[in-house]
Amino acid sequence: MTKKVLETPRLLLIKSVENEEELLIPFFADLMVNRYLGEGKPKGVPQVREAMLIHKKHWSAFGHGFFLIFNKETKEFVGRCGLVHLGMQHDHPDVEIGYMFYEKFWGKGYATEVARRLLKWGFEELKLPSIIGVTRKENIASQRVLEKLGMQPNGEALYPNTQVVCDYYEVLPESAILS
């Protein structure tokens, strides 16, 4: 797998690294990382490995997917972000922006920073016609991030493969706030 890299002022977004499994297994076992994802439960090793295979197939099929996020200065793994088809359903037409961080990195502006870079990449390089954002109703911080990007509320619905009702947002290239 080639190493696609995007940068922000403070962060590096890297498509893959050799020790990816070592980073992702404890990441997805963390209760706070998973608090607002899917059913809100930590993931076990088999689930993480299966998700890694699905993500590799997504990158191969579409040329976009999830990145690992590292602090430029400290080289520390801080989280994950990317552009994927809604719920990782490869046949779904909507592309969703996603970001998740270890709790100690919440409140530092990292989500807005990576999300802006992902929108720019999605619209300018990937030529996506629109990008959606999906948040759990109680995830007010993530809703604020989406609003800072110029995303507009677009209703609510169950998130794919869950029983979780989420708020959906959408932004078009001409409405995105990229700086």
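Take segment 32-47 and flag every residue that is in contact with an Asp or Glu (Cβ under 9 Å, 6 or more places away or on another chain), hydrophobic (A, V, I, L, M, F, W, C) and modelled with pLDDT under 95.
Passing the criteria: none in range.
Given 75, 57, 43, 104, which one is buried (at least 20 other Cβ atoms within 10 Å of the Cβ), basic (Lys, Arg) and without any contact (Cβ under 8 Å) to a residue 40 or more places away in the chain? Walk me through how you get there before you give the answer.
Details: 75 fails: buried (at least 20 other Cβ atoms within 10 Å of the Cβ); 57 fails: buried (at least 20 other Cβ atoms within 10 Å of the Cβ); 104 fails: buried (at least 20 other Cβ atoms within 10 Å of the Cβ).
The conditions single out 43.
Return the only residue of 21, 7 being exposed (fewer than 12 other Cβ atoms within 10 Å of the Cβ) and of a type outside the set (A, V, I, L, M).
Answer to the selection: 7.
Would you call residue 93 modelled with pLDDT under 95, out of contact with any Asp or Glu (no Cβ under 9 Å at 6 or more places or on another chain) and either under 23 Å from residue 147 (Cα atoms) or surrounded by 20 or more Cβ atoms within 10 Å (Cβ to Cβ) (or both)?
For residue 93, the condition - modelled with pLDDT under 95, out of contact with any Asp or Glu (no Cβ under 9 Å at 6 or more places or on another chain) and either under 23 Å from residue 147 (Cα atoms) or surrounded by 20 or more Cβ atoms within 10 Å (Cβ to Cβ) (or both) - is met.
Checking the conditions here, which among 122, 63, 79 is closer than 19 Å to residue 6 by Cβ and modelled with pLDDT under 95?
That would be 63, the only listed residue that is closer than 19 Å to residue 6 by Cβ and modelled with pLDDT under 95.
Would you mention how many residues in segment 138-166 are touching a helix residue (DSSP H, G or I) at 6+ places or on another chain (Cβ under 8 Å), without any contact (Cβ under 8 Å) to a residue 24 or more places away in the chain and in a helix (DSSP H, G or I)?
Qualifying residue count, segment 138-166: 0.
Scan segment 156-179 residue by residue and report those that are of a type in the set (D, E, K, R) and closer than 11 Å to residue 135 by Cβ.
Correct list: 156, 167.
The values are calculated or read from the model by the stated rules, or taken from the named source; none is laboratory data. Worth saying up front: this structure is predicted, and the values here are computed from it rather than measured. Virtual Cβ from ideal backbone geometry, glycine too; neighbours counted across all protein chains shown.
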